[in-house]
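Remarks on the structure that follows.
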4 protein chains.
Amino acid sequence: MGFHMANNLVAKTDNKIIIHDVFKPSVDRFMSHNREGSSRANAIDIASNPKEVAERAAVVITMLPATPQVESVYMGNNGLVEGVRSDSLVIDCSTVDVLCAKAMASEVVNKGGKAVDAPVSGGIGGAQAGTLTFMVGADSEDTFRLAEPHLQPMARKVWYCGANGNGQVAKICNNMLLGISMIGVCETMQLGVKMGMDSKLLAEIINTSTGRCWSSDTYNPVPGVLPNVPSSNGYQGGFGNTLMAKDLRLATNAANEAKSTVMLGALASQIYNQVSSTEEYAKLDFSSIFKWLQQGSGVPDRKIKD
Amino acid sequence: MGFHMANNLVAKTDNKIIIHDVFKPSVDRFMSHNREGSSRANAIDIASNPKEVAERAAVVITMLPATPQVESVYMGNNGLVEGVRSDSLVIDCSTVDVLCAKAMASEVVNKGGKAVDAPVSGGIGGAQAGTLTFMVGADSEDTFRLAEPHLQPMARKVWYCGANGNGQVAKICNNMLLGISMIGVCETMQLGVKMGMDSKLLAEIINTSTGRCWSSDTYNPVPGVLPNVPSSNGYQGGFGNTLMAKDLRLATNAANEAKSTVMLGALASQIYNQVSSTEEYAKLDFSSIFKWLQQGSGVPDRKIKD
Amino acid sequence: MGFHMANNLVAKTDNKIIIHDVFKPSVDRFMSHNREGSSRANAIDIASNPKEVAERAAVVITMLPATPQVESVYMGNNGLVEGVRSDSLVIDCSTVDVLCAKAMASEVVNKGGKAVDAPVSGGIGGAQAGTLTFMVGADSEDTFRLAEPHLQPMARKVWYCGANGNGQVAKICNNMLLGISMIGVCETMQLGVKMGMDSKLLAEIINTSTGRCWSSDTYNPVPGVLPNVPSSNGYQGGFGNTLMAKDLRLATNAANEAKSTVMLGALASQIYNQVSSTEEYAKLDFSSIFKWLQQGSGVPDRKIKD
Amino acid sequence: MGFHMANNLVAKTDNKIIIHDVFKPSVDRFMSHNREGSSRANAIDIASNPKEVAERAAVVITMLPATPQVESVYMGNNGLVEGVRSDSLVIDCSTVDVLCAKAMASEVVNKGGKAVDAPVSGGIGGAQAGTLTFMVGADSEDTFRLAEPHLQPMARKVWYCGANGNGQVAKICNNMLLGISMIGVCETMQLGVKMGMDSKLLAEIINTSTGRCWSSDTYNPVPGVLPNVPSSNGYQGGFGNTLMAKDLRLATNAANEAKSTVMLGALASQIYNQVSSTEEYAKLDFSSIFKWLQQGSGVPDRKIKD
C-alpha cells in the first residue's frame, strides 16, 4: 500500500518526499521506480529511521500492517514521536485498535504536534489509482482541514469522522457489516442453489429486493454471476480472508471495550478466523466463504452422508 | 393481505370474483367495501367453502397465514382440492414450507389441474397499492404464463423462479439475507454510536461504502437517520418481528432439509425468535433489533455494570 | 444396531423371534450368526415384509436410520401398520422427528394396538453389550410397563419419559447439550493449549471445577489426554459427526416447532453440518471438532497469517 | 472478596498483616471486624498506599476488580511496583487480561522481586469459608512453592498452571466452558419443558447421560430442580451475569490474541453481554439465562405470536 500511496504523492504534488521503510528492499524499489526519467527524482530523500522523518518533515504519513508495528514505529527507539516538532502534522493511515490510534495521537500532541488517524478502504487497486477512501479522526475540524489536502492526491473521498479514533471506528464498523453481509450472501446463495434455484436469477431477484447489498450486487461470491470479481477468477486477488479476519478482530475487541452486543459480528469474526487459519483459504478473497460452505474442507463435490 | 389483493382484482379486472374466508366478518367487510357505489358489486359472489370456490372458478388464488392453514384449506373437509377441475389454475400466494408448496401443487395436479406457488413481498402497503412482488414457482414457463396476467393487477413485478416450490425458495432466501443484514446494521450502528460516531454520518459513510445494503440505506434502524421509516416512528408498522421470525424458521427448516450450512442465518433466526417472544417486541417492526440491543430487556437507558 | 439388539433378544429370552430387513444380506448375516451351535436357532423365523411381522408377532420392535425409513416401513405398501392387531405392542427404537413419532403411534392406536417410542443411547457398543439406555414415550405408565420387560434384555437403563414422543424429546435434548458441550470443550482446550497450557493439566483443572462435563472428563477430544477414547485413536469409531449433525437437525427442527430459542444449539447444529459435509470429517467421531479447529480445512500445521 | 480473604489470613496465620484499600470504609470495616475480641488485632497495620505495602511486606497479595485497577495499583503514583524489594513475592489474585498479568509480573521482576498470578474460583462463599481454588502462574515451580503456603489458608485447592499468565489462562478457559455449558443447559431444559417433559425428570436423565455437566447436576438453572441454588431462590446471589460477561470478554480477547477459533465462546460472550446490560438481569445469577429465554424481555408468560 505505502509504495503506491507514496508514488501518488511524488507524481501529484510538488512536495519534497522523505521516505523510510524498515525493509530496505522496499526503499530501493521505490527509489528505482521514481528515478527512471522522473523530473521529481531529486525531490525524494531517504531517512534512516522514523525519528529522522519526523525531524525533517512537517507532515508525516505512516502506513503500517497492524497495531504492534504502529506502536514500535511511533514509540520505539528512534521512533517517530521522538522527532515530533511543534509544527508537526502526523497522519496514520494504518488500520489499528481504536485505543492504539487514540494513544499514538496523544503521544504526538504531548510533543506539541497535531495527529489524525486516517485508515483507508479501496485496497491495492485504490492505492495505485489514487482512489482510496480515507476515514479521518481528528481533534477538531481545523486539524482535519490541515490533513485533507495531503490525502487528496491519493483519494477519491476523504471523510471527517469526528474525534481521534473515529476514523478507525468508521472503518471497522463498515468492514464488520461487510463481513456479515458477505457471509450472509454466501449462505443465502448456497441455500438457494441447493434448493434448485439458478444462481444468476436468485442474485437478480435479491439485487432488486430487500436483500440487496454490495456483497450481492457488486461483489457476488458465486462464480459466474458477475464478471471481473474474485469469485469468477478462482477467488484470486481482492480482499483476503486474513485481512477480513484482522478487521473483525479489531471490531470485536472494540465491542468488548464498549460492551456493545455484536452477535452476528462475533460469529462472522470466528468464521473468518477459522477459514483464514488454513493454507488454502488464507490466500483467497473473502468471498471464498461460498466455496468453503460448498466444499466443506475442500472436497470437490459436497457428499452428504447421514 | 387478502382483502387488499382481492380489492385490486375487483377494481382492475372484469372477472367475476368468488370469495371465501373462514372468518365471516372479513367477508362482510369485503362486501360492504365493494358494494358502496361500485359498478362491480354484482360481479362478486360468496362461496361457503374452499371446495365451492374451486368448483365455480377456473382460476383460484389463495392467501393464508402459514403452512397449517394452507394444508387444511387445500386438504381439509370441503377443501379446495376436492373441487379442482381439469381446467383449474390454482395460485397460492401464502409463504409456507417448500415441502408444503410442492405437496399442495401435486395434489392439484393429481386432480388434473395446474398449480403455482407465488409468495409475495411488499407487505400490506404493497397489497393495497397493487405493487407487490410475486415470486412464482411453476412446472413450466407455459404454466407461469397462464398465471402471470392474473397476478399483474396486484403486482409491480412478477418473477418466474423455476420449478414448483422455487417461489418459496426465492422468498425465504431474500428474507433470510434481509434478516441477517438488518441485525448486522443494528449491531454496526450500535457499536459506532457507542464508540462516539454520529449515527447519520456513520450511515452516510456505510451507504457509500462496501457495507451498503437496503437495511442501511432505505430502512435504517436508528431513529432519526431516515424519515418515514418505522425506526423514526417508534418502530410502529412495517414488517413485524414475528413475521421475520416465521420466515427465518422456514429458511432454517429448508436448510436442515437441504443440509446447507447457514451459520448466520440460524443465529439470526434465534435472535428474531427470542425478540418476538416478548410482549413489547412482538408488536414492533423488525428493525427494532436496534432498540433491543440498546436497551437489553427494555430499560430506558442501558446501564453497563461490571 | 438392529443386528446386535436382536442377538440379545435371542440370547437372553425364550421368545420366538421373527425378523425382517429390507436388505437381504443383513438377514442372512443374522441367521448364520445365530445358527452356529445355537440351541435357539429354530426359534428364529424370517418375515417377508413389515406387515407380516406385525401379523405374526404380538410385540414388534423397529430400529431404523431416520424419519423417511420409519414412515415407509410403517405406512408403506405391506407396511407394519397394515398388520397391527388389537393386541399389538409396537416399540420404535429409531431416532426420528417428534412429530413423526407421535404420528406413527396414533396410526398404530387407530388400528387398536399400543405404541411407544423408545430411542436409545449407547451406540454400537451398548447395543452389542446389551447396555443401551432407552428413553420411552408412552400414552400411560401401564403401556410403559408392558414395553419395559421387552427392552430390559438390551438395556442398562429404561426411562419412562411421559407421553408419546417424549422419548424422542429426551434423546434430542441430551444430544443437543452433548453437541454443545463437546464443541465448548474443543474450543476451550484449543484456546488453553494455544495460550501455553499443558492439555492434561488443563483437563484435570476443568474436570475438578465448574467446567466439568462428560465431554471433558470421560470423552476428552484432545489426543493423549484420555486412553481408549476416539481422540486418542485418530478419531476413529465412536459417534460420527454425521450422526450428531442429524440429531442436532432434529433438535433445531423441534425448537422451531416449539418456538423455543436455542442460540448455541442452532450454531452447534450448523458447525456439525459444515464438518460432516466433508469427506474427511464425515467418517470421524464427533470429538474431531478439536482437530477441525486446530487444522482448519485439514492442513497438518495451522499456519496463522495476518 | 479481599475482605474475606484477609480475614482468613488474620485468623489462620501468625503473620503481621498490612492492609490497604483505596476505599477507606473498607479498611474501617476490616479493622472493626478484626478488633472485636481478636487476639490478633494488634497484628494488623494500615498502609496509606500500595507502595508502602510493598515496602513493608515481603509478601504482597492483591485482589482487584479488573485490569484497569490492577494497572493503576501496580504502576500508578505510589504504586506497588515502586515499593518492590529484592526479596518481594507479589501475588495477584485478580482476574485480568493475560497480557496484563504477564506485564505486571515482569515489572515486579525488573525490580528484583518475584511475581505470580493466582486468580481464584469459588466466589464470596469460598472466600469467606477459605475454600477458594487458586490457579497459579509462576516463572518456575520454585516460585510457585514460595507462594503456595501463603494461599493455603484461603484455599481448598492450589493449582500450579505453569508460566506467568497461565493462572489467568486456566481461569478463563474454565469459565468460558462454564458459560457455554450453562447456556446450553438453559436452552436444553427450556426446549424439553416446552416439548412437554417434566423438568426434574429431564435433568435426572441428562445427569446420568452424556449431557451431564456441573451446570446441570450441581447448579441447575430451572427453578425447583435443585434446592439451595440461585435458580430456586429467584436467581439471587451466586455468580452474577456481569461477572460472567467480564470473564467471557477476557476469554474472547485472549482468543483474538491467539487467533484461536471460539465460535460458541464468542456467542456465549455476546449473550451474557446482552443480558448483563439490563437493569433486571445485571443483578441476577448467571443461571438466569433460563429465565431470559423463557420470558424474553421479562413478560411473566411467554406469549407466542405468529
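Would you confirm, using the coordinates I've provided, whether A:Val225 is hydrophobic (A, V, I, L, M, F, W, C), farther than 27 Å from A:Val262 by Cα and in contact with a strand residue (DSSP E or B) (Cβ under 9 Å, 6 or more places away or on another chain)?
no
Does segment D:133-142 contain any residue that is touching a Cys at 6+ places or on another chain (Cβ under 8 Å), among the hydrophobic types (A, V, I, L, M, F, W, C) and under 30 Å from C:Met176 (Cβ atoms)?
No, segment D:133-142 contains no residue that is touching a Cys at 6+ places or on another chain (Cβ under 8 Å), among the hydrophobic types (A, V, I, L, M, F, W, C) and under 30 Å from C:Met176 (Cβ atoms).
Matching residues to (1) under 25 Å from C:Asn175 (Cα atoms); (2) among the hydrophobic types (A, V, I, L, M, F, W, C):
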site: C:Val53; (1), (2): no, yes
site: C:Ala57; (1), (2): no, yes
site: C:Leu64; (1), (2): yes, yes
site: C:Thr67; (1), (2): yes, no
site: C:Ser72; (1), (2): no, no
site: C:Ile91; (1), (2): yes, yes
site: C:Val98; (1), (2): yes, yes
site: C:Ser106; (1), (2): no, no
site: C:Val109; (1), (2): no, yes
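How many residues are surrounded by fewer than 24 Cβ atoms within 10 Å (Cβ to Cβ), more than 7 Å from chain D (Cβ to nearest Cβ) and hydrophobic (A, V, I, L, M, F, W, C) when one looks only at segment C:159-187?
0
Which number in (1) open to solvent by 20 Å² or more (accessible area, probe 1.4 Å); (2) in contact (Cβ under 8 Å) with a residue 40 or more places away in the chain marks the one condition that C:Val262 misses?
Looking at each condition in turn, C:Val262 falls short on (1).
Please work out which residue is nearest to C:His150 (Cα to Cα), limiting yourself to segment C:89-111 and to residues that are open to solvent by 40 Å² or more (accessible area, probe 1.4 Å) and more than 14 Å from every other protein chain (Cβ to nearest Cβ).
Result: C:Val109.
Identify, by number, the condition in (1) more than 9 Å from every other protein chain (Cβ to nearest Cβ); (2) touching a helix residue (DSSP H, G or I) at 6+ places or on another chain (Cβ under 8 Å) that B:Ala255 doesn't meet.
Condition (1) is where B:Ala255 drops out.
Quick grid of which residues meet (1) closer than 14 Å to D:Ile19 by Cβ; (2) touching a strand residue (DSSP E or B) at 6+ places or on another chain (Cβ under 9 Å):
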site	(1), (2)
D:Ala54	yes, yes
D:Ala57	yes, yes
D:Asn78	no, no
D:Arg85	no, no
D:Met104	no, yes
D:Val116	no, yes
D:Gln128	no, no
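Pull up segment B:222-247, narrow it to residues that are over 29 Å from B:Glu204 (Cβ atoms) and more than 7 Å from every other protein chain (Cβ to nearest Cβ), then point me to the one that is surrounded by the fewest Cβ atoms within 10 Å (Cβ to Cβ).
B:Leu243
Counting just the residues of segment B:188-218 that are more than 7 Å from every other protein chain (Cβ to nearest Cβ) and crowded, with 23+ Cβ neighbours inside 10 Å, which one comes out nearest to the chain's Cα centre (by Cα)?
B:Ser215
Give the number of residues within segment C:18-43 that are under 19 Å from C:Ser88 (Cα atoms) and at pLDDT below 95.
0
Give just the number: which of (1) in contact with a strand residue (DSSP E or B) (Cβ under 9 Å, 6 or more places away or on another chain); (2) within 11 Å of chain D (Cβ to nearest Cβ); (3) of a type in the set (D, E, K, R) does B:Asp285 not satisfy?
Every condition holds for B:Asp285 apart from (2).
Looking at segment B:7-36, I want the residues that are open to solvent by 50 Å² or more (accessible area, probe 1.4 Å) and have a partner that is aromatic (Phe, Trp, Tyr) with Cβ atoms under 8 Å, at least 6 apart or on another chain. Which pairs are those?
These pairs meet every condition: B:Asp21/B:Phe30; B:Arg29/B:Phe3; B:His33/B:Phe3.
Those residues that are closer than 13 Å to B:Asn15 by Cβ and either hydroxyl-bearing (Ser, Thr, Tyr) or within 25 Å of the chain's Cα centre (by Cα) (or both), I need them from segment B:41-56; list them, please.
none
Quick check: is even one residue across segment B:182-194 in a helix (DSSP H, G or I), of a type outside the set (Gly, Ala, Ser), assigned by TED's automatic domain parsing to the domain that holds B:Cys93 and farther than 17 Å from A:Thr208 by Cα?
So far as segment B:182-194 goes, no, none of its residues is in a helix (DSSP H, G or I), of a type outside the set (Gly, Ala, Ser), assigned by TED's automatic domain parsing to the domain that holds B:Cys93 and farther than 17 Å from A:Thr208 by Cα.
Exactly one condition in (1) in contact (Cβ under 8 Å) with a residue 40 or more places away in the chain; (2) open to solvent by 10 Å² or more (accessible area, probe 1.4 Å); (3) away from chain A (no Cβ under 14 Å) is false for B:Ala127; which is it?
All conditions pass for B:Ala127, except number (2).
Evaluate segment A:132-145: report whether one residue or more is in contact with a Phe, Trp or Tyr (Cβ under 8 Å, 6 or more places away or on another chain) and open to solvent by 10 Å² or more (accessible area, probe 1.4 Å).
yes
Quick one: would you say A:Lys114 is closer than 23 Å to A:Thr13 by Cα and open to solvent by 40 Å² or more (accessible area, probe 1.4 Å)?
Yes; evaluated as a whole, the condition is true for this residue.
The values are calculated or read from the model by the stated rules, or taken from the named source; none is laboratory data. Everything numeric in this text was worked out from a predicted model, so none of it was measured. Heads up, the Cβs are rebuilt from the backbone with ideal geometry, glycines too, and the neighbour counts pull from every protein chain shown. Note: accessible area is taken over every heavy atom of the protein model, side chains too, but ligands, DNA and RNA are not part of it. Shrake-Rupley method; radii C 1.70, N 1.55, O 1.52, S 1.80 Å.
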